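No lab work stands behind these numbers, since they all come straight from the coordinates. Predicted, not measured: the structure shown is a model, and the values here were computed from it. Please note: Cβ atoms are built from the backbone with ideal geometry, for glycine as well, and neighbour counts cover all protein chains shown.
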Amino acid sequence: MEFKVFIGLEIHIELKTKAKMFCHCGTDYFGHKPNTHVCPVCLGLPGALPVPNKKAIELTIMVGQALNCRINSFSKFDRKNYFYPDLPKGYQISQYDLPFCKNGKFLDVDITRAHLEEDTAKLAHLKLNGKEVSLIDFNRSGIPLLEIVTEPDIKNSKQAKEFLKKLTQTVRYLDVSDCDMEKGSMRLEVNISLGKDKLPDYKVELKNLNSFRFVEKAIDYEIKRQKEILEKGEKPTQETRGWDEKRQRTFSQRIKEEAQDYRYFPEPDIPPIRLNEKEIGEIKKSLPELPEEKKRRFTKAYCLSDYNASLLTENMKMANFFEGTASLAGEKGIEVKKIANILINRKVNINKISPEKFIRNILKEKTKPQIKGKDLNKIIKKVLENNQKVVKEIKKGKEGAIEFLVGQVMREAKGQVNPNQARKTLREKIKSA
Amino acid sequence: MNIDQLTIIKAQGGLKKKEFSSLELVEGYLKNIKKKNPQLNAFITLCEKKALLEAKKADKLISQGVKKSLLGIPMAFKDNFLTKGIKTTAASRVLQNYIPVYDATVVDKLKKAGVIILGKTNMDAWAHGSSGEASDFEVTRNPYDRNKVPGGSSSGSATAVASGMTLAATGTDTGGSIRQPASFCNVVGLKPTYGRVSRYGIIAMASSLDAIGHLTKTVADSALLLGIMAGQDKFDATTSPSPVGDYLKNIKKSVKNIKIGVPKEYFREGLEQNVKSKIKAALKEFEKLGVKVEEVSLPHTEYALAVYYIIQPAEVSSNLARYDGIRYGLGRKMFAGEAKRRIMLGTFTLSSGYWEAYYLKAMKARTLIKEDFDKVFKKVDALITPVSPTLPFKIGEKTADPLKMYLSDIYTVTANLAGIPGISIPAGFVNNLPVGMQILGPHFSEDLLFRLAYHYEQKTEFYKKNTNLIN
């Protein structure tokens, strides 16, 4: 039986602001002792009140604009009421019916909304003096959290992964978050269900997916699992499942039959937020050139292949470095294409070199005397003599071992040999020997 | 120094002229507290040692010529104002040992102005109540008749000011909790415009309705305190940037030709005849002052109490969620009946399936009530109404019937729903029990309310007629 796959994503991203969402506490808590970045507001003490961080709102709108969302000129915060020990107020300040951003499109996926909320504290379950205890660290409490929700438009794991990769790239371009899944600054939830033609009346939520690879694997596993259930004429259970990397399968975490009742209502401590066209326009103007645009420009302006342009625009830093060197290259009469090839093939560490130095090195390389002809033959002869075992292996068919010999030649020649030339000569000599 | 006739302004003068020291003043009030509080139960916590120490410090500063508007003036704080290092309970067992780590913005402002904290006053737990009977630390009694309630929820503050146990006290007013006890105890109670005074550091009841104010003997004292307490606070996003007026300076400005509206909906069935006649008499006094009085209508008044008892418990249910037993030692089991009732009511009206029928509808009706006021204030400058439909009632009279108790707020909840300011001032006595009158005005019209109240007070001086007080 054929089934249609419906996958929607919920992505939480911690925003890179200096202060927390509703107080003045710093956000650089990673690696610090528990409960060192706290105040009455993020501890939810009696009497404490939230004051929204304008910067976080701006960053949210930037992301919304990059995802082609409509920006609400009138939005508000709401209280999402539920109990959990990591939620000190007994409610999370979030956005319900008037998020900052809605109805967007990114790649071929419709974006339902992008809204702002506060992160919760972190629980640690451990044994202390022989007793099982749960400790709460409020350093994370109140960190601005952007939630992006997509429509169930995604059809397979590959598309999901591609979407997430591009989304992460865009968010990093905007410099609003580092999207570090290990540090928890990006968290993913996948909603997945299978139906004959339209969205079925159940969904499975996949949680605690700590990498894009896990997302991919968990989706593939779920599609298979749900299909088998459906083929038996049954309906998969509506539940939350996690990914077990050891056993390579998803497992049930929590069964929820009905949606939880969060008793949303407008947050009375924060007046509604009005943004006029001008303000929204100003934020739009502050957006940097985004990856897709940049890629298109690179292919045109520098005559790069689509593939090379993607590699060079993978992150803003690389793109900027490339453009820095490209403008210098023009002055020095070096072909930009060549710069691109070197950057891509030699895996240059751009953090350790300036565009100027990089260009100087290329110029030096160009003028360096190259060892050729008789002198090269001499070196090759020596290398072959010293590595007869390797030569035998190559003759037996282990072609790859030739690279070892190329390396030896380069070493003998102190790098002043064209490796392609060396490889070619080595092959000839081994063949004729 | 006659403590029973002292006001903040008189005390300021006395300190200035060295008629008495701050230490004598504080000692005088502590003596009064020791004498009267055992019968009246207006205080939950007394800060005797600290107050005496602060008074000595204040005297030293005064002798050094330091000028601060309230230097050496003792005050009491309702026990839902967080006071750093001083137990703050909101009169609930849940917080019976809670010692805050920070001061409310208003506490901080008053301290900086030189105020000395005498203690924390009793109240209905979490400010839920109109009689003081819902305190988890026993009922406060009305100083004019110990068998009667002092009103609530700022029960301790009203009793303490009325009986000379403090010069002034702070209060919170979510549906009448400053104005109603003020009227039951013959003192002046101000509920400022929503957003005029910071709520930061005050244990929230219903955040969209809570107003922070105070209870004083006179209108001038009230004006003086508002000038210090009001203003935008970077810790409260709902405070207004509109400038704080010099309320005291303008207080004597004539009120001639000011137009006062008398909303007919506030004088219907349910209003006790003897209360009504006191308000009518007060209106006559205003006319003698050259004020123009006319009848007006606020047609949606009849929905106000219902709207209030949907929105308020909804916010209460959310605001009390943090007292879950994880952080403050004592858990939900310690909530008493009234808090439980409001938590359940609010949770119900916010639940999916009921939200539209209750909460959403109430929010719409709230808008209509606001619009009523907007319209009427195009015609008149201020409104005069009763504060409470009844005289102070007997302790225990309404505790068995929450709905009857809720009706006590019928004339006061409208100001909270609309966010407008209101002041309750003494309007005379019936059977030796005080009756209060309420003056309401447009947003940020505190200036006008003080002027009207002051001129009336100067003519009547009911605050001086406290001879019925127990000794």
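For region A:125-254, the square roots a ≥ b ≥ c of the C-alpha gyration tensor eigenvalues yield an a/c of 1.5 or more together with a/b not exceeding b/c, which makes the shape oblate.
Secondary structure note: in chain B, about 70% of the DSSP beta bridges are antiparallel. For the segment B:314-321, counting C-beta atoms of other chains within 10 Å of every residue's C-beta and taking the mean gives 5. The GluC sites (Glu not before Pro) of region A:328-366 meeting both criteria, a DSSP state outside H, G, I, E and B (loop) and at most 16 other C-beta atoms within 10 angstrom of the site's C-beta, are A:Glu335. So which of A:Lys295/A:Lys317; B:Lys292/B:Lys378; B:Lys284/B:Lys394; A:Lys161/A:Lys207 end up more than 23 Å apart, counting from Cα to Cα? Where the Cα-Cα span goes over 23 Å, the pairs concerned are B:Lys284/B:Lys394.
Listing B:Leu417, B:Leu46 from fewest to most neighbouring C-beta atoms within 10 Å gives B:Leu46, B:Leu417. Charge dipole of chain B (Cα centre as origin; +1 on each Lys and Arg Cβ, -1 on each Asp and Glu Cβ, all else neutral): 1040 debye, rounded to the nearest 20. Taking the DSSP bridge list for the protein assembly as shown and keeping only pairs wholly inside it, about 85 percent are antiparallel. Taking every DSSP helix (H) stretch of at least 4 residues in chain A, weighting each as -39,500 (n - 2.57) and dividing the sum by the residue count yields a mean residue ellipticity at 222 nm of -12000 deg cm²/dmol.
Isolated cysteines of the protein assembly as shown, defined as having no other cysteine beta carbon under 4.7 Å away, are A:Cys23, A:Cys25, A:Cys39, A:Cys42, A:Cys179, A:Cys303, B:Cys47, B:Cys185. In terms of other Cβ atoms within 10 Å, B:Thr193, B:Thr159, A:Thr120, B:Thr174 run from fewest to most in the order A:Thr120, B:Thr193, B:Thr174, B:Thr159. Compared with the dominant principal axis of the Cα atoms in chain A, helix A:336-345 is inclined by about 80°.
Looking at region A:212-245, the GluC sites (Glu not before Pro) that sit in a DSSP loop and have at most 10 other Cβ atoms within 10 Å of their own Cβ are A:Glu234. So what's the angle, to the nearest 10 degrees on a 0 to 90 scale, between helix A:212-231 and the longest Cα principal axis of chain A? Relative to chain A, helix A:212-231 is tipped by roughly 60 degrees. Excluding the site residues themselves, the longest part of chain A lacking any trypsin sites (Lys or Arg not before Pro) in a DSSP loop with at most 12 other Cβ atoms within 10 Å is A:19-182.
How about region B:235-285: which GluC sites (Glu not before Pro) there lie in a loop by DSSP and see at most 11 other Cβ atoms within 10 Å? In loop regions of region B:235-285 (DSSP not H, G, I, E or B), the sparsely surrounded GluC sites (Glu not before Pro) are B:Glu269. Per-residue ellipticity at 222 nm from helix content only, as computed over chain B with -39500 (n - 2.57) for each DSSP H run of at least four residues, stands at -11000 deg cm²/dmol.
If the limit is 24 Å between Cα atoms, which of B:Lys404/B:Lys465; B:Lys112/B:Lys249; A:Lys332/A:Lys372; A:Lys300/A:Lys337; A:Lys337/A:Lys398 go over it? The pairs that break the limit, which is 24 Å between Cα atoms, are B:Lys404/B:Lys465; A:Lys332/A:Lys372; A:Lys337/A:Lys398.
When the protein assembly as shown is described by a simple charge dipole with +1 on each Lys and Arg Cβ and -1 on each Asp and Glu Cβ, the residue from A:Ala309, A:Pro99, A:Asn81 located farthest towards its positive end is A:Ala309. Give me the count of lysine pairs in region A:1-122 whose alpha carbons sit under 15 angstrom apart, restricted to pairs 8 or more positions apart or on different chains. Eligible lysine pairs with Cα atoms under 15 Å apart amount to 11. As a proxy for reagent exposure, B:Val161, A:Val109, B:Val219, B:Val244 were ordered by neighbouring Cβ count within 10 angstrom, fewest first; the result is B:Val244, A:Val109, B:Val219, B:Val161.
Angle of helix A:355-367 to the longest C-alpha principal axis of chain A, folded into 0 to 90 degrees and rounded to 10: 20°. Distance between the C-alpha centers of region A:214-257 and region B:79-106? Whole Å please. Their Cα centres are 50 Å away from one another.
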